[in-house]
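These notes are about the structure you will find just below.
The values are calculated or read from the model by the stated rules, or taken from the named source; none is laboratory data. Keep in mind that this is a model prediction, so the values were computed, not measured. So basically every Cβ, Gly included, is an ideal-geometry build from the backbone, and we count neighbours across all protein chains shown.
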Amino acid sequence: MRNAELNEMSYLTRSTISLDALLAEVSSAACGGTCVFLGTVRDGPDEHGVTAIEYSAYEEMVEAEFARLVADADARWPEARIAVRHRLGTIPSGEASIAIAVAAPHRAEAFEACRFVIEEVKRRIPVWKKELRVDGSEVWVDPTGRPTSSPPVPLSATRRGGTHD
Amino acid sequence: MTVTGTGTATIRVRLFARYAELVGRTEAAVSVALPATVGDVVRRLRDEVPQARALPERPLAAVNLRQVKLDARVQDGDEVALLPPIAGG
């Protein structure tokens, strides 16, 4: 169930992520430093021609786990204001799949809390991605390094995803 | 601490991403005799659904939207999700 039904904010979107909206959520006169992290779909030299990544999720758990993750960050940096959005669906190379904005009274907390959130996302948020490549092949990305491609795809290593590390 | 019941529990199992593709479905209902663990649910799924043999024996799992270890107990009506390696962000 999407939180939109409850008229609450959802951590997920299927549209382009609005950085303005995220910044507006964390904006406060009491905060002198704001840190923004954008994770974008990468097509670098190691990516075998990634045209897009298809993101899917266990959506109900993503919402619940994001709420717990942000609560954990709030407990560690009580003065920080945190907003995060993860995009799902097919995201072309170069576009953002995740955006995190953290505002805090001072820059150190903003940087630390922002880093904490993205690292915890990588560990805890049940989202999966399938690389869509220019040669027409599709490969599930497995950050643990075990091969996951369902069709036989010549790929020496699947550990490098098509997004930021 | 909830007292673990006896009898039979019906568990809704959900599959995602590559696991859903391997098994050819996104969910299944399995019955297990209580007391039972998430690991028992995985074993039952692998026994009852032929394509589920393709799943790892010890996948990452969640019960009712929380990650758990495979020795976590399940109750009637629980939702068990089998999660491929998380690749978010």
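Report yes if some residue within segment A:119-142 is assigned to a helix (DSSP H, G or I), over 20 Å from residue B:16 (Cβ atoms) and either at pLDDT 95 or above or within 9 Å of another protein chain (Cβ to nearest Cβ) (or both); otherwise report no.
Let us first name the residues in segment A:119-142 that are assigned to a helix (DSSP H, G or I), namely A:119-124.
Cutting the leftovers down to over 20 Å from residue B:16 (Cβ atoms) gives us A:119.
Subsequent filtering for residues that are either at pLDDT 95 or above or within 9 Å of another protein chain (Cβ to nearest Cβ) (or both) retains A:119.
Yes, the conditions are met somewhere in segment A:119-142.
Check whether at least one residue in segment A:71-88 is without any contact (Cβ under 8 Å) to a residue 24 or more places away in the chain, within 14 Å of chain B (Cβ to nearest Cβ) and out of contact with any Gly (no Cβ under 7 Å at 6 or more places or on another chain), and report yes or no. Steps first, answer last, please.
First, pick out the residues of segment A:71-88 that are without any contact (Cβ under 8 Å) to a residue 24 or more places away in the chain: A:71, A:74-75, A:78.
Subset that is within 14 Å of chain B (Cβ to nearest Cβ): A:71.
Now narrow it down to the ones that are out of contact with any Gly (no Cβ under 7 Å at 6 or more places or on another chain): A:71.
The answer is yes, given that some residue of segment A:71-88 is without any contact (Cβ under 8 Å) to a residue 24 or more places away in the chain, within 14 Å of chain B (Cβ to nearest Cβ) and out of contact with any Gly (no Cβ under 7 Å at 6 or more places or on another chain).
Residues in segment A:96-117 that are surrounded by fewer than 17 Cβ atoms within 10 Å (Cβ to Cβ) and either on the phi > 0 side of the Ramachandran plot or within 14 Å of another protein chain (Cβ to nearest Cβ) (or both): how many?
Here the count works out to 1.
Within segment B:1-56, work out how many residues are under 14 Å from residue B:70 (Cβ atoms), within 14 Å of another protein chain (Cβ to nearest Cβ) and crowded, with 18+ Cβ neighbours inside 10 Å.
2
So, in segment A:18-33, of the ones that are surrounded by fewer than 18 Cβ atoms within 10 Å (Cβ to Cβ) and within 20 Å of residue A:116 (Cα to Cα), which residue ends up nearest to the chain's Cα centre (by Cα)?
Quick first cut of segment A:18-33, residues surrounded by fewer than 18 Cβ atoms within 10 Å (Cβ to Cβ) only: A:18-21, A:23-25, A:27-30, A:32-33.
Cutting the leftovers down to within 20 Å of residue A:116 (Cα to Cα) gives us A:19, A:23, A:25, A:27, A:32-33.
Values: A:19: 13, A:23: 16, A:25: 17, A:27: 21, A:32: 25, A:33: 21 Å.
Looking at the filtered set, the residue picked out is A:19.
Could you go through segment B:44-61 and let me know if any residue there is within 9 Å of the chain's Cα centre (by Cα), of a type outside the set (Asp, Glu), under 19 Å from residue B:85 (Cβ atoms) and assigned to a strand (DSSP E or B).
Yes, segment B:44-61 has at least one match.
Tally the residues that are of a type in the set (A, V, I, L, M, F, W, C) and in a helix (DSSP H, G or I), restricting the search to segment B:11-43. Spell out the reasoning first.
Going through segment B:11-43, the residues of a type in the set (A, V, I, L, M, F, W, C) turn out to be B:11, B:13, B:15-17, B:20, B:22-23, B:28-30, B:32-34, B:36, B:38, B:41-42.
If we keep only those that are in a helix (DSSP H, G or I) as well, we get B:17, B:20, B:22-23, B:38, B:41-42.
The total comes to 7.
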